[in-house]
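What follows is a short report on a single structure.
Quick note: the coordinates plus some simple rules give every number you see, no bench work behind them. Predicted model, so just to flag it, every value in this text is computed and none were measured. Heads up, the Cβs are rebuilt from the backbone with ideal geometry, glycines too, and the neighbour counts pull from every protein chain shown.
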Amino acid sequence: MGTCNAFKRDGTRCTGSATYSDGRCWAHSERTEDARKRGRLKGGRNRGGNAELAEIRKALKALVDNVLDGSVERGVGAVAGQIYNVILRGFEIERRVRETEETDAILAELRARVEEANREKFGA
């Protein structure tokens, strides 16, 4: 296994290990392009969810304050709290699905790398 034969944006040669048959590292190989795209997109998804969670947290704090000061009836506050709980469970399910999809993608990439390494090593 040699050094990646690609060049970085600044024009210098990449120093990564060439782990793919095209002589490139993970960051430059065409085989990993989809995985790299998914990784870039992931960041934007996570930031949006955090803003929504912050809004819900703020609304829940206001709801608690309003129930405690009597401006919202306890029964109404309880039902509103239950609804917020359903929304929060939805966030948790989305997070788990996203994690599972990301793990599946990583596992598929690792399997492909092992298969490629076996083909190169054993000629199969």
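So that you can scan it fast, the table gives a plain yes or no per residue for (1) touching a Phe, Trp or Tyr at 6+ places or on another chain (Cβ under 7 Å); (2) among the aliphatic types (A, V, I, L, M):
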{"site": "ASP22", "(1), (2)": "no, no"}
{"site": "THR32", "(1), (2)": "yes, no"}
{"site": "GLU52", "(1), (2)": "no, no"}
{"site": "LEU63", "(1), (2)": "no, yes"}
{"site": "PHE91", "(1), (2)": "no, no"}
{"site": "ARG96", "(1), (2)": "no, no"}
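In the list GLU102, GLU33, which residue meets the criterion of being in contact (Cβ under 8 Å) with a residue 12 or more places away in the chain and either of a type in the set (D, E, K, R) or out of contact with any Pro (no Cβ under 7 Å at 6 or more places or on another chain) (or both)?
The unique qualifying residue is GLU102.
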Restricting attention to segment 1-42, which residues are surrounded by 10 or more Cβ atoms within 10 Å (Cβ to Cβ), in a loop (DSSP other than H, G, I, E, B) and of a type in the set (S, T, N, Q)?
ASN5, THR19, SER21, SER29
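Table: residues versus (1) in contact with a helix residue (DSSP H, G or I) (Cβ under 8 Å, 6 or more places away or on another chain); (2) closer than 24 Å to VAL114 by Cβ; (3) not aliphatic (A, V, I, L, M).
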position: ALA6; (1), (2), (3): no, yes, no
position: ASP10; (1), (2), (3): no, no, yes
position: THR19; (1), (2), (3): yes, yes, yes
position: HIS28; (1), (2), (3): no, yes, yes
position: ALA51; (1), (2), (3): no, no, no
position: VAL72; (1), (2), (3): yes, no, no
position: GLY77; (1), (2), (3): yes, no, yes
position: ARG96; (1), (2), (3): no, no, yes
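Okay, residues lined up against (1) charged (D, E, K, R); (2) surrounded by 10 or more Cβ atoms within 10 Å (Cβ to Cβ); (3) over 14 Å from the mean Cα position of the chain (by Cα):
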| residue | (1), (2), (3) |
| --- | --- |
| VAL72 | no, yes, yes |
| GLY77 | no, yes, yes |
| TYR84 | no, yes, yes |
| ILE87 | no, yes, yes |
| VAL97 | no, yes, no |
| THR100 | no, yes, no |
| ALA112 | no, yes, yes |
| ALA117 | no, yes, yes |
| GLY123 | no, no, yes |
Of the conditions (1) outside any helix (DSSP H, G or I); (2) under 25 Å from LYS37 (Cβ atoms), ALA105 satisfies every one except a single condition; which number is it?
(1)
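Scan segment 68-99 residue by residue and report those that are hydroxyl-bearing (Ser, Thr, Tyr) and without any contact (Cβ under 8 Å) to a residue 24 or more places away in the chain. So that I can check it myself, show each step before the final result.
Quick first cut of segment 68-99, residues hydroxyl-bearing (Ser, Thr, Tyr) only: 71, 84.
Residue satisfying the conditions is SER71 alone.
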